[in-house]
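Below: the structure, in structure tokens.
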Amino acid sequence: MDEQTRYRVTGSLFLLAIAVILFPMLFDGAGLASVQIEPLEVPRTVPDVPSRAGQAPESDLLARADALSQTMDDEGFQADAGGTRIGEPVLMEADDETRVWAVQVASFGEEENALKLRDELRSREFEAFISTVRQNDAVLRRVAVGPLLDRSAADGLRDELSDALDLEDVRVVAFSN
């Protein structure tokens, strides 16, 4: 008998033996013996929990929110942060106290143009973002890359972006959020 036929006969005998053993167990009507579980005792009363109504911790959150709303206009631009829209990064002129920098690549009046440049920079794997600012009743979208913690790295990135994009007015600015 060849090897393949021997494997088939052996497998068939094995399956037949399993069927002879298991089928009577499955179809004899008795099945597995059921196990009786004692029902759990459910408490009928709810434990007494002291009420915490009126016990909120003291907070100056409302006062801070009111103070913030006083510093911005109806469209969400802050008066004290260079006219930047609230929640967006603030870009300012760098000074001796600056600890975090960004490289402002361009500024646009049209949002679509700013989005295109931001997406192009991101496709080149730069961390680009848009900061919206109001200056003299005009809304500008500034496209920048950053933040950077080292001024020399910011200067190097400025030169790299200026050369890569063939732009002249790329500059290093202070970054805060």
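The values are calculated or read from the model by the stated rules, or taken from the named source; none is laboratory data. On a predicted model such as this, the values are computed, not experimentally measured, just so you know. No Cβ is skipped: glycine too gets one built from the backbone with ideal geometry, and neighbour counts run over all protein chains shown.
Points worth noting:
- Just one residue in the set GLU97, GLU88 is among the charged types (D, E, K, R), in contact with a strand residue (DSSP E or B) (Cβ under 6 Å, 6 or more places away or on another chain), at pLDDT below 80 and under 30 Å from LEU165 (Cβ atoms); that residue is GLU88.
- Close pairs from region 119-131: first over 14 Å from LEU91 (Cβ atoms) and charged (D, E, K, R), partner assigned to a helix (DSSP H, G or I) and at pLDDT below 85, Cβ under 8 Å, at least 6 apart: ARG124/ALA164
- Where strands (runs of 3 or more DSSP E) sit wholly within region 87-172, those with at least 2 residues that are of a type in the set (Lys, Arg) occupy 138-148.
- The test for being part of a helix (DSSP H, G or I), crowded, with 16+ Cβ neighbours inside 10 Å and at pLDDT 75 or above does not hold for ARG64.
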